[in-house]
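Since the structure comes first, as structure tokens, the remarks are kept for the end.
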Amino acid sequence: MEKERKKFQKPKPETESNNLYDISCLFFQKGIMGSFLLISIFSLLLRVSVSLHSYSGAGSPPKFGDFEAQRHWMEITTNLPIKDWYFNTTNNDLSYWGLDYPPLTAYQSYFHGLILKYFDPNSVSLFSSRGYETHFGKLLMRWTVLSSDLLIFFPAVLYFIFVYHGGNRSGGDKSDVAWHMAVILINPCLILIDHGHFQYNCISLGLTLGAVAAVLSRKNLLACVLFCLSLNHKQMSAYYAPAFFSHLFGSCLRRKNPPLEVLKLGLAVLGTFAIVWWPYLHSRDAFFGVLSRLAPFERGIYEDYVANFWCSTSILIKWKRLFTTHSLRFVSLVATILTFLPSMIQQILAPSSKGFLYGLLNSSFAFYLFSFQVHEKSILLPLLPATLLAMELPGVHSMLLMLCALLSMFPLLCRDKLVVPYMALYASSILLYLAPSGRRQIKKHLSRPMITFSIVMIQFLCSLIFHIIYLTIRPPEKYPYLFEAMIMNFCFSHLLGFTVYTNVKQWMLPRQFTSGDKEKKLN
């Protein structure tokens, strides 16, 4: 019997080593790589089109906006020694867009700053470049975002599609795979924020997506390194930390030597952090000085009008007036933990690939809805796993979530004068979900078509009314932010309902998928 077992097990490593090769051949044979190239070119053209419009703080002195913040970080990092990047000095006034992201963002700013310094030295000259808005300077800045997207986010999407659909030996239906690529790449919220408003979310989200794909392909050490890099680019990537921790920990518990597996992952995490933070590990003051810049508690529990619990309920409960910052920090921490805890427990008890993707969605929703200091742009974090789950979630829910997320950012994008690209991408998002593959996803999960249709029409009509009101009617002088508050409460109610739904879906997974995952366990 033992000899027979050995004979049966010997070919297994060879099959696993050839697995990626077989899948890649399958993808080429089915023309999926060609589809990826075409979709990538189209999504790149969309990004370029949006980048031709305005941006955050355009022509608005004295502090301008996020565009100026990113340019200023390039100015600081290319002109000052690394020890001064995060500290108030005569040459670095932290009150003027001081660095408040982890060191990897600073290194990225330095690299991009070198490019700007080579082609347009005036754009990053110390002090004199503040508010620099020449056509060539803006063109260079836009190019840095486009190149970051192409070099990091696009390959990460291909890696994920390769792993996710490659798990199916048939490679999946070509049109469905292409549709899934399009949903991830043509994320209207990400395009509008990065290439309109102006940020580099494509880097942190691309690194996270690479880590997700590594987890699905069971390369846990690589996943740890990539996710740590994402955390060190933007601290908001911590929205995904509960999902990564619970899934990897639950997976380690099912190995032959759990303590050793946990130790290996721990060393990968510590090693990555040590390399990124190395310039600031020479002294306690330097380390905590940088760390203090990453937690801007003085800004309050929320910023502007964001569709989360604290902002939506502030109409009835004046949180900022009634409670101290310290007490709000504690309450928001407890509320966030209690919201993502069920998702963590499920993955520790029964880790699975689909459960992990749902865990990413649920933990990021928990942070968005209940954590301290949330911005409108933070909705990008739940949207990433939502697009990854586009083949699993009911198509109607995916579409409504995307449209709700767009609406929640509408006031911000109006201030940036990005209404035209917003409307264009809003329409393209609807068309994408009404494409043949999108319609199949909607029909596949429809149990009560008339009820679902009614819900969609009510949501769409309400959204249309909010858009028209916000653009055409002036709010009462007594309540200047009335329309923002209405939009935020409408979006919050939908996002809260969606969070409850996806948590229930995750807890239903063990009965449906755990048995299949057990067969794929590593020794």
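The values are calculated or read from the model by the stated rules, or taken from the named source; none is laboratory data. Note that the structure is predicted; figures quoted are calculated from it, not measured. Every residue, glycine as well, gets a Cβ built from its backbone with ideal geometry; the counts of neighbours run over all protein chains shown. Heavy atoms of the whole protein, side chains included, go into the accessibility calculation; ligands, DNA and RNA do not. Shrake-Rupley method; radii C 1.70, N 1.55, O 1.52, S 1.80 Å.
So the values come out like this:
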item: Shape call, the range 94-248: gyration tensor on alpha carbons, a/c limit 1.5; result: prolate
item: Rounded percent of accessible protein surface that carbon and sulfur make up, the range 144-252, 1.4 Å probe; result: 73 percent
item: Anisotropy class of the range 331-390 from Cα gyration tensor, a/c 1.5 cut; result: oblate
item: Charge context of residue 60, other residues only, Cβ under 11 angstrom, K/R +1, D/E -1; result: 0
item: Residue 435-residue 263 FRET efficiency (beta carbon distance; Förster radius 41 Å; 0.05 resolution); result: 0.30
item: In nm, spacing of pseudo-spin labels at residue 41 and residue 221 (7 Å Cα→C-beta vector); result: 4.0 nm
item: Kyte-Doolittle mean at least 0.5 and Cα axial length at least 27 Å: DSSP H helices in the chain; result: 32-51, 258-277, 325-349, 449-472
item: Radius 11 Å from Cβ of residue 411, net charge of other residues (Lys, Arg +1; Asp, Glu -1); result: -3
item: Solvent-accessible area per residue for the chain (1.4 angstrom probe, square angstrom); result: 46 Å²
item: Accessible surface of the range 260-346, 1.4 Å probe, proportion on carbon and sulfur as whole %; result: 71 percent
item: Nearest-10 value in Å² for the accessible area of residue 41, using the 1.4 Å probe; result: 100 Å²
item: Inter-label distance for residue 462 and residue 414, nm, one decimal - labels placed 7 Å from Cα along Cα-to-Cβ; result: 1.8 nm
item: Cα gyration tensor shape for the range 271-370, rounded if a/c is under 1.5, else prolate or oblate; result: oblate
item: Kirkwood hydrodynamic radius (C-alpha pairs) into Stokes-Einstein, the chain, 4 °C and 1.567 mPa s, D in µm²/s; result: 53 µm²/s
item: Longest to shortest principal axis, alpha-carbon extents of the range 136-224, angstrom; result: 49, 33, 17
